[in-house]
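Engineer: Here it is: the structure, laid out below.
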Amino acid sequence: MSTHAEDLKLRLMTIELLRTAKYKRNITYRVLSAKTGLPVTVLSRYAKGHVLPNTSRAKDLWKILTKLVGLETELRSRIRFDETGYFDNTDIVGDYNILQQAANYALANFAGKRVTKILTAAVDGIPLATMVANALGVNLILAKKNKEVGVKAFLEETYILGKYSGVTVTLFIPKNSIKKRDSVLVVDDMIKSGDTQEALVHLVKKARAEISGVFSLIAVGDEWKKRLKFSNNAPVEVVTYLKSPFE
């Protein structure tokens, strides 16, 4: 997708979020003005479709509005840890509305950045990664735990699943699926230890491509931060951060 198309889509979806706040959640213009720092008259013109915000303002509005009526609140309402420190994400990764909001969130944060491919690990990350790839207008690559018949050559990465599991996992992608000129966004539904996401990053590096960033719905604890450190040009964007239930 061209930068112009991304910018236009971002501006339009910001207006939709503003309309959701005003007309579906019944947040007054006065309150929205206090939260955004914009005059009531300007917000009214946006909501009625008389004018679109420029790209810079749309990004600022999106960040504010999504905290009021957006994705983070919805995600937090659905997360319940069990006694072992895990939670059931079925109600999240299978909800189209959440996935659509998440794709918009990714677009808002990565619009204007160079992203040519989306990479995720099978299986839970697939629905989210598919929606993000569609929003950004790029192709999706799936890293799988087995080699598929018909693919002649693979790139692979093996890692230990958790500190004390004693279990290794190997991820495979077709060797030519990522080109040297690609800029790859790693997408997953959740980051906990960061092991899987780090393995995906290593696959990108083995292809001699660049990382444009990492995007996830949920991050638990802080352990993953040690593994996923990039330059400012490759941010780690997470919708909501949760403390580990054992902290």
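Read-outs throughout are calculated quantities, based only on the coordinates presented, and are distinct from any laboratory measurement. Everything quoted here is computed from the prediction, not taken from an experiment. Cβ placement follows ideal geometry from the backbone for every residue including glycine, while neighbour counts extend to all protein chains displayed.
Engineer: With a point put 7 Å past each Cα toward its Cβ, work out how far Arg80 is from Lys229 in nm, to one decimal.
Structural biologist: 3.9
Engineer: Shifting gears a bit: Which of the lysines could a cross-linker bridge to Lys180, judged by Cα under 16 Å and excluding same-chain residues fewer than eight apart?
Structural biologist: Partners within reach: Lys117, Lys205, Lys206.
Engineer: So, one more: Check Ile211: other-chain or 5+ apart residues with amide H under 5 Å from its amide H, H built from backbone geometry?
Structural biologist: The list, which skips near neighbours in sequence, is Val184.
Engineer: Related question: Considering the alpha-carbon set of segment 3-69 alone, what are its Rg and its Dmax in angstrom?
Structural biologist: Over segment 3-69's Cα set, Rg and Dmax evaluate to 10.9, 33 Å.
Engineer: If you restrict to DSSP beta bridges whose two residues both lie in segment 63-191, what percentage is antiparallel, to the nearest 5?
Structural biologist: Bridges in segment 63-191 that DSSP calls antiparallel: roughly 50 percent.
Engineer: Antiparallel versus total DSSP beta bridges in the chain: what percent is that, nearest 5?
Structural biologist: Around 25 percent of the beta bridges assigned by DSSP in the chain are antiparallel ones.
Engineer: Moving on to the next point. Of Ile126, Ile15, Ile27, which has the largest mean-square fluctuation in a 10 Å C-alpha GNM of the chain?
Structural biologist: Answer for the Gaussian network model of the chain: Ile27.
Engineer: Students often check this: by mean Cβ neighbours within 10 Å, which of 195-201, 237-243 ranks highest, and how do the rest follow?
Structural biologist: 195-201, 237-243
Engineer: List the GluC sites (Glu not before Pro) within segment 71-165 that DSSP assigns to loop and that have no more than 14 neighbouring Cβ atoms inside 10 Å.
Structural biologist: On the way: sites: Glu72, Glu74, Glu83, Glu148, Glu156, Glu157; in loops: Glu83, Glu148.
Those that pass, being in a loop and sparsely packed, are Glu83, Glu148.
Engineer: Here's something else I'd like to know. Assign one of three labels to segment 86-242, namely rounded, prolate or oblate, based on the Cα gyration tensor with a ≥ b ≥ c the square roots of its eigenvalues; rounded applies when a/c is under 1.5, prolate when it is not and a/b is larger than b/c, and oblate otherwise.
Structural biologist: Note, shape of segment 86-242 comes out rounded.
Engineer: Restricting attention to segment 39-96, which trypsin sites (Lys or Arg not before Pro) occupy a DSSP loop and are surrounded by at most 10 other Cβ atoms within 10 Å?
Structural biologist: Numbers: sites: Arg45, Lys48, Arg57, Lys59, Lys63, Lys67, Arg76, Arg78, Arg80; in loops: Lys48, Arg80.
The qualifying sites are Arg80.
Engineer: Sort Phe87, Phe81 so the one with the fewest other Cβ atoms within 10 Å of its own Cβ comes first.
Structural biologist: Phe81, Phe87
Engineer: Can you tell me which lysines have their Cα less than 27 Å from the Cα of Lys48? Leave out same-chain residues fewer than eight positions away.
Structural biologist: Lys9, Lys22, Lys24, Lys35, Lys59, Lys63, Lys67
Engineer: Residue separation times 0.36 nm, minus the C-alpha to C-alpha distance between Ala34 and Arg114: what's the value?
Structural biologist: Going from the current span to full extension adds 25.4 nm.
Engineer: Between Lys144 and Val42, with labels modelled 7 Å along Cα→Cβ, what's the label distance in nm to one decimal, could you check?
Structural biologist: Simple spin-label model gives 5.1 nm for this pair.
Engineer: Here's another thing I want to ask about it. In the Gaussian network model of the chain, springs joining C-alpha atoms below 10 Å, which of Val236, Val169, Val132 carries the largest mean-square fluctuation?
Structural biologist: Val169
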